[in-house]
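We did not get these values from a lab; they are worked out from the coordinates using the rules stated. Just so you know, these numbers come straight off a predicted model, no measurement behind them. As a convention, Cβ positions derive from the backbone with ideal geometry for all residues, glycine included, and neighbour counts pool all protein chains shown.
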Amino acid sequence: MDGWFWSSAIVAFVGLIGLLLYLIISHFMPLYLKLGVAPKGSFGWPLVGETLSFLSPHASNTLGSFLQDHCNRYGKVFKSHLFCSPTVVSCDQELNNFILQNEEKLFQCSYPKPIHGILGTSSMLVVVGDTHKRLRSLALTLVSTTKSKPEYLNDIERIAIQIMDAWKDKKEVIFCEEARKARARISSTVKAIVEERRSKGENSAGNKKSDFLEILLSANSLSEDERVSFVLDSLLGGYETTSLLMALAVLFLGQSPAALQQLRSEHESIRNVKGKEEYLNWDDYKKMEFTQHVINEALRCGNIVKFVHRKALKDVRFKDYSIPCGWKVLPVFSAVHLDTSLHGSVLDFHPWRWENQSQSTCKIFTPFGGGPRFCPGSELAKVETAFFLHHLVLNFRWTTEGVDQPMAYPYVEFHRGMPLKVDRLG
Ligand code: HEM
């Protein structure tokens with residue numbers, strides 16, 4: 001009797017489990033087939049997830065141990081829990097490109113709340129939809145009217161010359177501090193000009209609007225808050241990143257005598273056909289071909305922006321895996337810049353790799369992002385760096401011995417501000 005009872009109970013139990021499994025599978029299978037599999041990975045600790053290890057500092061020309069370990073364990077796309085949200089991290093060039101190109105369709109810019117506090121709620125990196133389109137179109141107009149103007153080009157060259165003048169009797173300079181000083185000078189000048197023009201009413205209708213500030217002050221589509229944010233975007237987004245780019249180029253050139261020599265020859269030949277005191281112009285900039293390769297390589301090795309923040313607006317299927325709606329998505333640019341299957345000798349500073357590169361390069365090289373959020377200031381950053389390098393290589397030699405390495409915190413910083421031994425030429 002006992003035996004019969006237990007065997008019936010076991011049969012009933014197994015049957016029940018089977019039925020439950022059948023119901024679960026038949027319910028979830030279509031969803032599973034539709035979405036594919038969520039990437040492998042781990043959510044880490046409750047609440048903080050894996051955020052602390054994700055943010056742990058490392059040399060900016062390396063992946064860092066978190067990404068290295070996770071890519072080895074789970075592949076180039078993995079799930080995690082970062083910045084208080086379930087997240088898909090992508091170190092895959094194709095997925096990164098897909099994310100950037102589908103901004104506002106499948107994905108949307110989504111910076112963490114503390115960053116909103118720093119940038120302000122009207123910052124272009126924070127706003128989305130129509131407000132973003134409005135601010136962005138103004139930014140693009142401003143950049144295209146400013147970038148090749150002699151007034152702007154002369155101004156940035158004058159600043160470079162002033163910095164070099166201040167170095168002429170020094171043996172050592174703390175490079176990052178020098179560049180930030182320059183920043184304070186520029187931002188106080190901008191504020192003074194805004195005030196002055198306001199008080200003179202130069203922005204009133206009917207005036208010919210020719211420069212950055214005139215266009216900005218007369219843009220009636222902007223609220224006061226947006227106008228201030230706009231200037232801050234340019235100052236914060238622009239000067240910090242541009243001075244970092246200069247620092248990275250100076251560091252890597254200091255470690256690559258062949259690249260420095262070729263760069264110096266390029267600038268000597270440009271200067272030889274101009275008067276000693278004559279300002280550089282847009283045509284000169286266009287002739288700086290090797291300089292462009294040096295700048296690209298400094299961006300690839302230095303990784304000023306390691307990753308950007310997005311969220312999925314819908315369930316997204318890409319290749320074999322799915323990204324659930326509402327999850328955070330982080331395309332990691334540095335991982336693509338340091339991907340050995342895309343770039344040869346990834347750890348070497350080798351500007352020549354950019355010779356004869358075609359447009360398709362932009363998919364494997366995204367220091368300025370891509371798609372509808374592509375950095376509007378990229379050309380300004382490059383021309384400022386090129387003019388700075390022009391005066392530096394023609395007037396100074398420097399050594400980077402014992403210089404601190406750039407570290408990704410993930411924001412790139414030189415621990416000791418990059419002390420350089422400088423020596424004026426001739
Ligand atoms: C080396 C220098 C620079 C680097 C590496 C850099 C990098 C980037 C990247 C990666 C983005 C895309 C962010 C995203 O997709 O979420 C971006 C956006 C932006 N950058 Fe830059 N940037 C640089 C210089 C500048 C300069 C000089 C300015 C202004 C004068 C500027 C203003 C902006 C603004 C306003 C955005 C937001 C664009 C949008 O959301 O539509 N940046 N930058």
What is the packing order of peptides 11-21, 42-52, 274-284, 294-304, taking the mean over residues of other C-beta atoms within 10 Å and listing the highest first? 294-304, 42-52, 274-284, 11-21
With labels modelled as points extended 7 Å from the Cα through the Cβ direction, what inter-label distance (nm, one decimal) is found for Tyr74 paired with Thr141? 4.4
For a quick check: with amide H placed at 1.01 Å from N, whose amide H comes under 5 Å from Tyr409's, ignoring anything fewer than 5 positions away on the same chain? none
Can you tell me the length gained on complete extension of the stretch Asp225 to Ala38, counting 0.36 nm per residue apart and subtracting the Cα distance? 63.2 nm
Whole-Hz ³J(HN,Hα) for each residue in the stretch 129-146, computed from phi via Karplus 6.51 cos²θ - 1.76 cosθ + 1.60 with θ = phi - 60°, x for glycine and proline: what do you get? x, 5, 4, 4, 4, 5, 5, 5, 5, 5, 4, 5, 4, 4, 5, 5, 7, 8
Scan around Ser85 for amide H atoms under 5 Å from its own, H built in the peptide plane at 1.01 Å from N, and keep only partners 5 or more places away or cross-chain. none
In nm, give the distance between the simple-model label positions of Lys314 and Ser265, each being 7 Å from the Cα along the Cα-to-Cβ direction. 5.4
Karplus-derived HN-Hα couplings along the stretch 394-399 (A = 6.51, B = -1.76, C = 1.60, θ = phi - 60°), whole Hz, x at Gly and Pro: 7, 10, 9, 10, 8, 10
Through the Karplus equation 6.51 cos²θ - 1.76 cosθ + 1.60, θ set to phi - 60°, convert the phi angles of the stretch 274-288 into ³J(HN,Hα) values in whole Hz; use x for Gly and Pro. 10, x, 4, 9, 6, 6, 6, 10, 4, 5, 4, 4, 5, 7, 7
Amide H neighbours of Glu104 under 5 Å, counting only residues 5+ apart in sequence or on other chains, H built in-plane at 1.01 Å? Cys109
Residue list for the stretch 139-174, given a label point 7 angstrom along the Cα-to-Cβ vector of Tyr279 and an amide N cut-off under 13 Å: 147-161
Simple spin-label estimate for Glu177/Gln162, 7 Å along Cα→Cβ, in nm, reads 1.9
